[in-house]
Structures are given as C-alpha cells and as structure tokens.
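Please treat every number below as a calculation from the coordinates, not as lab data. Everything numeric here is computed off the predicted structure, so don't read it as measured data. Methodologically, a virtual Cβ is constructed for each residue, glycine included, from the backbone with ideal geometry; neighbour enumeration extends over all protein chains shown.
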Amino acid sequence: MAAPFRCIYRPLWRVITGSGRLTVGMRNISFTENHFSATNHKTASVGSPWTLHGAVCLQRLPVISQDRNPIEEEFSGLMQQMELERSLLSDHELRLLEDAARMSRKQEEDYDSDEEEDYGDKEIVTAQDLEDAWEQKLKQFHPAQRSNGDKLDVSSSERCLADSLVLLIKQDVGSQKVWLLPQVQWKAGETLRQTAERALAHLPDVKATFLGNAPCGFYKYKYPKDIQKEGSVGAKVFFFKAVMCSPNHLPLEKNSFAWVKKDELKDFLTPEYLKQVNRFIMSL
Amino acid sequence: AGIVCRTLSRVVSSQTSCCSSVVSVRHSHWFTSILSPKTSVPLRAEPKKKKKVDPRREQMMKERLKKKLKKLERVPPELIPIEDFITTAKCFDETRVREVPKLSFEETERRALLLKHWSRYKFSQHQAEMAEIKEALEAQRQALEELKIESEDLYKAAIGPDTDLFPFQHQGPCYTPPIPNYEAPDGKYNDITRVYTQ
C-alpha cells in the first residue's frame, strides 16, 4: 500500500500548485479520486477561461424508406427472378394449374362431369377468382402519399420523410443572429446533459429521447475582443444527440427555426461550426 | 405287462383326440401311470419355510424391480424437434417442380456483370459507412477529452451509464407514411403453433 500511495501524492501536489489544465494521466483509485475531483472542480470554476454551453442535436429520423438507386432497382429485380427460378410451386400455383386443366377439359367435346373427382354439386371458387377478390380488396385501401412534394418549407418537420432532419435555431450570439443547434449556457450544479435538456425546453411540444449521457461532439470559439474582458476567453459548446419521438410538432415563428438535411446544413451554418458538426451528424 | 401295454396303447390311440390331457399327465414324471393308485404330490422335499426366506426373497424381488424402474427412468427426455430444421414432405413432392426456361448466353453474362457491379457498390457503401462511424466516434472521444480538461465532475457524469435510455423503442421507416387517425380493421387469426412439453 505504501508504494502506490506515494506515487499518487506527487500528481496531487502538481494539481494544487499548477494550472487548471492537466497533462497527467490518472489511474482511478478510490481514495484519491474524491480528493482530486474536489480540487479540480475549484480550479475549473476559477481558472478555466472557457464558458461552457450545452447544445442539443435533435434529429427527426426517417419515416419512409428511401427510393432505390438504378443499380439497386436492377439488382432487386434480378434477385426476385433468381428466387422465382429456384423455387418450387406453391399451393396457390398448383391450384391455378389444376383449375386451368379442368377448364381445358371442360371445353373438350367428350366432357363427362361424372368423371371429375371431388366435384359434386357445390360451386367451385377458382384460384383466379380468389386473386381478383384480393386485388379488389387491396384497391379499397388508400395509403398516404410517399412524397409531399415541395409544398412544405424548411420549418416543417414533415419535410423530407425519407431522410433524417436536424433542428436548427436562429439565436443571438453576441450582437449577431446566427443559425445554430439549440444551445444554452451551463449553470453550476447541473450536468451538461441537463443543460441540453433545458435548451430543448425552449421549444414547445417536443418529446425527445437523449441518447446517453456523453456528448457526441464539441466546438470552441473565442469571443470577439470587446466581450473578452469578463475573464472568459471564449466558449466551449458540447453537443448531445437526441431523437424525436412524436412526429406532431406545432410550428411557431417560422423564421426562427428550420429542419434541415445533412447536405443542406452548409447553407445555414458557418464553415468552422459546420466542420465540427458534420463529424457527428450521420447521413444514415 | 405286455398285454397291459397293448391295451393301453389301443385305448390311447382310439382316444388321442379327446384325451390329450391324459396323455400329458402320462408324460409328466409325477404320475407313473394312470392306473396306478392316485397319490398326492410326493412329500419327499423339505416343507416350505414361509417365515424367514420368503420376506427376504420378496424384498430382493422388490429391489430388483425398483432398480429396473430407475434404469428406465434415467433415459433422457425426448428432445423437442426444431421445426425449422425439418424439411416438410411438401418440398420433396415431384409435382411441384417448376419448369425453368433455359437462360441465353447474354442473360448469364448480364447477371454475372450485375453481380460484380453490385459487390463493388456494396463495398464502397460499407467503406463510407465505416468511415462515418469512425469519424463520429473520434468526435465523441475528443469531446470527452475536452470535457475532462474542463471539469472532472462533469466528465464523470458524462461517462456514467444512462438508466432511462433502455428499453428504447422507435418505429422504423415503412414504405408509406402513417395515415393520421387511421382505424385499423380487427385482425382475427387462429394460432396453430405446436406446443411441446417434455
């Protein structure tokens, strides 16, 4: 116990005297952990020049399957053909063949109905009749349309049903209005995930499931020099991924938010921000 | 004695059909002859001791029966057949064989080329997906590193498991979007799955 004890104490001293930034990799040993975190917390709130923000990357996952590429169409056709060739005849197909044979026998002149087995006096429902009945029933069902066309603008969440959309918001950063993922400043005493949840709370009627406690990406930027006096050099934004559960969303204030595909992001976001955000937003 | 034997044989031969019991009695060693004076079972053997040997014997018999029963019971229970692994007799029916038209040379060529094109397409798609996932994981790792630099507490909170996440449910994409306020018709079905008990 003595030896490990000693080698742990050294980095502790380094922490208390040094800056907030750590370059020493620490092993988790229960005794020193609490002590260490307490000191680190103090240095973070005092010495760290970055203000923390929590942001949420809210995604509406696709509702519809995507259209096939030409190669995919061709290949699916080939697969169906090959499966048909390698298969055996099903009950329904056998029945169709039997009915066809019976019909051809009926057409002949020397047809004797008594020779038929299982004929009787009952009315026979041919397999073809069944098929027609099924088709009629299918026609009675009217499914919803796959594509809404270009009627819906950027602020509706029913836009491109085959792709996953990300929510963007126009927020004031400094003096400018900028398109961003919804973000809110971190308050002491809450985890960053709770900050992200607070960021979502500003949007009404959205039920989202956060995917885990860990952030999926971060972005840091420096404030312009006039604001830097307050002791913070800039801000660090940590993004959290969330998935929208219920599709119904009441649009409010059309110009302030947008549902956007991954390739449309470049029209809204600044290049540096976009570079970081593109890393964790996946186009399926 | 000779005369007696002859008469006996005549009697026997005339009465063979009906007196088979008499013949068998005659052949048994307990009875020397029919005409001899009738005596009971010879009492030369020891009288049966019913007090000690029998209960022991009965016990031995019982134990032997029990052992046999146990051996029978030790047989492992019959295995439940896996229905997916049994090809039904329907598949071996010769009337169900489909007539396959012969493929032309061009058709086989087209198929081979399409398969190769497809494998190339799928490979590139897989590479792209893997690269995207790798990029996202790298972004997350860097974010966690930065968070650790900032504050150890927040880092620990971020690393900790999320208990509310699972069980996670989400409706996947279908061919057409869901119709709002749609009343689905009742689906009646007969469940014909076979249930096996061991």
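I'd like the full set of residues that are loosely packed, with under 13 Cβ neighbours inside 10 Å and free of Cβ contacts under 8 Å to residues at least 40 places away in the same chain, limited to the range A:174-195. Outline the logic, then answer.
Pass one, the range A:174-195, residues loosely packed, with under 13 Cβ neighbours inside 10 Å: A:174-177, A:187-189.
Matches in the range A:174-195: A:S175, A:Q176, A:K177, A:K187, A:G189.
Considering only residues that are touching a Cys at 6+ places or on another chain (Cβ under 9 Å) and more than 14 Å from A:K236 (Cβ to Cβ), which ones fall in the range B:140-152?
Within the range B:140-152, B:Q140 is the sole residue that qualifies.
Residues in the range A:52-66 that are in contact with a helix residue (DSSP H, G or I) (Cβ under 9 Å, 6 or more places away or on another chain) and either more than 9 Å from chain B (Cβ to nearest Cβ) or exposed (fewer than 15 other Cβ atoms within 10 Å of the Cβ) (or both): how many?
Initial filter on the range A:52-66 (in contact with a helix residue (DSSP H, G or I) (Cβ under 9 Å, 6 or more places away or on another chain)): A:52-58.
If we keep only those that are either more than 9 Å from chain B (Cβ to nearest Cβ) or exposed (fewer than 15 other Cβ atoms within 10 Å of the Cβ) (or both) too, we end up with A:53-58.
Of the residues in that region, 6 qualify.
List the residue pairs whose Cβ atoms are under 6 Å apart, where the first residue sits in the range A:67-89 and is closer than 30 Å to B:D93 by Cβ, the second is of a type in the set (D, E, K, R) and surrounded by 14 or more Cβ atoms within 10 Å (Cβ to Cβ), and the two are 6 or more positions apart or on different chains.
A:L88/B:R96; A:L89/B:R96
Using the structure shown, decide if B:D186 is in a loop (DSSP other than H, G, I, E, B), of a type in the set (D, E, K, R) and within 30 Å of A:A162 (Cα to Cα). Steps first, answer last, please.
Working: in a loop (DSSP other than H, G, I, E, B): yes; of a type in the set (D, E, K, R): yes; within 30 Å of A:A162 (Cα to Cα): yes.
So B:D186 fits the description; yes.
Just one of (1) more than 45 Å from the chain's Cα centre (by Cα); (2) closer than 29 Å to A:G54 by Cα trips up B:E107, so point out which.
Among (1) more than 45 Å from the chain's Cα centre (by Cα); (2) closer than 29 Å to A:G54 by Cα, B:E107 violates only (2).
Against the condition surrounded by fewer than 10 Cβ atoms within 10 Å (Cβ to Cβ) and facing chain A (nearest Cβ under 9 Å), how does B:Y175 come out, does it pass? Break it down stepwise before answering.
Numbers: surrounded by fewer than 10 Cβ atoms within 10 Å (Cβ to Cβ): yes; facing chain A (nearest Cβ under 9 Å): yes.
Here the answer is yes, as B:Y175 does meet what is asked.
Okay, residues lined up against (1) facing chain A (nearest Cβ under 9 Å); (2) surrounded by 15 or more Cβ atoms within 10 Å (Cβ to Cβ); (3) touching an Asp or Glu at 6+ places or on another chain (Cβ under 9 Å):
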{"position": "B:S119", "(1), (2), (3)": "no, no, no"}
{"position": "B:K122", "(1), (2), (3)": "no, no, no"}
{"position": "B:H126", "(1), (2), (3)": "no, no, no"}
{"position": "B:E132", "(1), (2), (3)": "yes, yes, no"}
{"position": "B:E138", "(1), (2), (3)": "yes, no, no"}
{"position": "B:Q142", "(1), (2), (3)": "yes, yes, no"}
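Among the residues of the range B:54-105, write down those that are assigned to a helix (DSSP H, G or I), within 14 Å of chain A (Cβ to nearest Cβ) and surrounded by fewer than 10 Cβ atoms within 10 Å (Cβ to Cβ). Please lay out each step first, then the result.
We begin by selecting, within the range B:54-105, every residue assigned to a helix (DSSP H, G or I); these are B:54-73, B:83-85, B:89-92, B:94-96, B:105.
Subset that is within 14 Å of chain A (Cβ to nearest Cβ): B:89-92, B:94-96.
Passing the criteria: B:A89, B:C91, B:F92, B:E94, B:T95.
Restrict the check to the range B:148-159 and report whether at least one residue is in contact with a Phe, Trp or Tyr (Cβ under 6 Å, 6 or more places away or on another chain) and within 30 Å of A:R193 (Cα to Cα). Give the derivation first.
Going residue by residue through the range B:148-159, those that are in contact with a Phe, Trp or Tyr (Cβ under 6 Å, 6 or more places away or on another chain) are B:148.
The next check asks that each one be within 30 Å of A:R193 (Cα to Cα); those that pass are B:148.
Scanning the range B:148-159 turns up at least one residue that is in contact with a Phe, Trp or Tyr (Cβ under 6 Å, 6 or more places away or on another chain) and within 30 Å of A:R193 (Cα to Cα).
So which residues in the range B:106-117 are within 8 Å of chain A (Cβ to nearest Cβ) and among the basic types (K, R)?
If the condition is that a residue be within 8 Å of chain A (Cβ to nearest Cβ) and among the basic types (K, R), then B:R111 is the only one that fits.
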